[in-house]
Amino acid sequence: MSAEAPSGPESVPLRHRFGLQLLGWLLVAALVPAAAVGAISSSVAQDALEKELRGRLVSVVERDAERLDSWARRRRAEVRALSRAADVRAALARAASGDSAAGAELAGRLRLHSEALEFTNLLVVASDGSVLCSTESSTLVGRRVNQGPLERSELARVFDRARLLGESEFSDFSTRRLAGDAVDNGSGTPRALVGAAVFDAGRVSGVVVAELDDREVQRSAQSLVGFGAGGSIDIVGYAEGRAVYVTSSRTSGGGSFRRALSLESASLESEALRGGRGDGTRADGSGRQTFAVWRYVPSLRWGIVSQVDEAEAFAPVRRLRALSIALGSLAALFAALIAAWGSRRVSGPVASLIREANRVTSGDLSTRVRVEGKGELAMLAQVFNGMVAELQRNTEGLEGIVAARTRQLTENNARIRESIDLARKIESSMLPDGGSLPPSLKKAALVWRPLDQVGGDLAFVEPTPDGGFVAGVIDCTGHGVAAAMTAMFATAMCSLAIATHGSKGPAEVLRELDRRLERAFDRARGDGISLGMDVALVAARPGEPLRFSGAGVGLFARTSDNKFTTISGRRVGLGYGARRKQLPLEEHTISIDELDSVILFTDGVLDEPQGTRGEGLGRTRLLAMLEARSGMDIDKLLATIDAEVIAGRGERPQRDDVTVLGLSINRTALVQSKGAA
């Protein structure tokens, strides 16, 4: 064939042939959307049925698991409430002082609670392990749970864990129960123990232990809802150190808490009992395919498994799928016949054109399509060849330009990276370290996490000639290199202010720093740039109390008895050009005699996203975290808090520069210096 455009009488047969080809493709274009709509409709219907089934079964299991978990939490809460009762604490105190009648009087009052709460027994055990009272058996009174026959009992284990951990403890159910000072042969009703520590003046003075049977568990289990005619719900747990069925609607033989379960098997029950959760199609113990959902109940250390026969559950889905396949097969057969007819006329030239176009896409610009025959496809081949030739000429010219620009961008990026790395090294060198501390400080701990490689937060510790120190944190406006330069400049200005006004106290140092910053930033503000910062200073000198002043930054102080107090800074910033005659700052004093350490922090740590909604950490939660670990050394305390904050943030990005400075005060050095003075 020739590459010329068709003309003359031969153009009419060509148009007829192309019309037939076009007719074939139009048939395909009409059939494919119809088939696609049918397939999509069928798929959507199948997905909806499966989603409905999964959602209903998951909802049933999660509701049942929550019901059991709620019951366990309620029982724990009831025992904790008893442990906080004033008469329990008073009886333990009386018994500790030698009052032998305290236990008997308490037993009478607790017996009412035991009956109301359906406990089979309520015991109060002193911190030394002696049973003060029992509502069920007086033979236990005076016995030591951590000695003799009871030493290895479940009661001794619950007592030890509640006393040592200071929290409520829920034991496994067991068919063995307390009888006098020994353990019976295991023929009794399954029972469990719930213990809670009794705190008096901040120490554990005893443990309240409640004994309950499985009546309420069985009532809850019988109320659990199955799913379908072939559905079942099994609950598994631990009893006497082995895995057992708590209740089962599918299995038979063996009462509750007596039928054993092998944890080494690959069953869903063992997986749920090991803390697993999930759903999907599995084979049950008899080999039939089921759709199952399994969940873990943490408060009881139980697992719950619900299964429904797959044949029963997915029968409508299978019928719909079979119908869809049948209709789709007929449509596909019809489409295949039309496609085969059309491909003989069009597929050859088009396939050749596509093949060469793919070679061009992969970078081979030397390829050309062989032009054969006459007609529109031949004209398309000529146009394609001309386009590829033009593209080849343009590409050869652009490659040199791209290579040169790439080299230039690489060099520029390397120079920028070197500058940022140098700025980080300079900024890091200005941070305090533990090797150059004044004698008035035992330790200095620092958490410094800039948002970028460098940031606008800095901390410093400067010793004074008399053995004291001045320390502070600075939080400048903005982030990155510009904020880092501002922070380093502000640190230098702060050192000058300390040198000239340090003897007048932190508040006067901040006022002098504000005046210096206003003069320095005045010209930059004329260009529309907002510059300023929050600063907090703390100073200690021999013979004087510790003094603190903050502009937008607060302080936590820890006393020698590990209690925290909060001092808030004034809501003002430095260097913002307010033209104030007198910076409205306050200076706070803290006695050295009871002071253990102080913590300064910027607002970046308070803005760290936490929780499911990503709300900021906030001052209240930060203080609670510090108080929960108040006995730690300052360096370990800050490291632990920072790790917990990062873990709570999860995958969310950091919002601001984070700086926390902790200082452990050497009271002895300051007092000795005071005496020498």
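The values are calculated or read from the model by the stated rules, or taken from the named source; none is laboratory data. Keep in mind that this is a model prediction, so the values were computed, not measured. A quick note on method: Cβ atoms are made from the backbone with ideal geometry, for glycine too, and the neighbour counts reach across all protein chains shown. Surface accessibility is based on the protein's heavy atoms, side chains included, excluding ligands, DNA and RNA. Shrake-Rupley method; radii C 1.70, N 1.55, O 1.52, S 1.80 Å.
Points worth noting:
- For the range 597-652, accessible area per residue (1.4 Å probe, heavy atoms of protein chains only), Å²: 46 Å²
- The H on the amide N of A536, modeled in the peptide plane, is under 5 Å from the matching H of V473, A551, each at least 5 residues off or on a different chain.
- Looking at the range 136-167, the trypsin sites (Lys or Arg not before Pro) that sit in a DSSP loop and have at most 16 other Cβ atoms within 10 Å of their own Cβ are R152.
- With a Förster radius of 60 Å applied to the beta-carbon distance between M625 and Q289, the computed FRET efficiency rounds to 0.75.
- Largest first, the residues L49, L140 sort by 1.4 Å accessible area into L49, L140.
- L451 contributes an accessible area of around 60 Å² to the protein surface, as traced by a 1.4 Å probe with all chains present.
- Label separation (S366 vs S100): 11.2 nm, computed from points 7 Å beyond Cα along the C-beta direction.
- Distance between the 7 Å Cα→Cβ label points at S41 and V141: 8.1 nm.
- The range 556-617: trypsin sites (Lys or Arg not before Pro) falling in loop per DSSP and having at most 15 other Cβ within 10 Å: K563, R571, R579, R580, K581, R613
- Per residue value of the accessible surface for the range 452-557 (all protein chains in place, 1.4 Å probe), Å²: 34 Å²
- Other residues whose C-beta falls under 12 angstrom from the C-beta of R111 contribute a net charge of -2, scoring Lys and Arg +1 and Asp and Glu -1.
- Each residue of the range 290-300 was assigned a 3J(HN,Hα) from its phi angle through the Karplus curve 6.51 cos²θ - 1.76 cosθ + 1.60 (θ = phi - 60°); the sequence is 10, 9, 10, 10, 10, 9, 9, 9, x, 5, 9 Hz, with glycine and proline shown as x.
- For W448, solvent-accessible area (1.4 Å; no DNA, RNA or ligand), Å²: 40 Å²
- For the range 201-206, Karplus couplings with θ = phi - 60° (6.51, -1.76, 1.60), whole Hz, Gly/Pro x: 6, x, 10, 7, 9, x
- Distance in nm between pseudo-label sites at T612 and D561 (7 Å out along the Cβ direction from Cα): 4.0 nm
- Residues whose placed amide H lies under 5 Å from that of K443, excluding near-sequence neighbours: S664
- Distance from the range 527-567 to the range 622-676 (C-alpha centre basis), Å: 14 Å
- For the pair E396 and I646 in one chain, pulling the backbone fully straight at 0.36 nm per residue adds 84.9 nm over the alpha carbon distance.
- Taking amide hydrogens as placed 1.01 Å from N in the peptide plane, the amide H of V369 sits under 5 Å from those of N385, each at least 5 positions away in sequence or on another chain.
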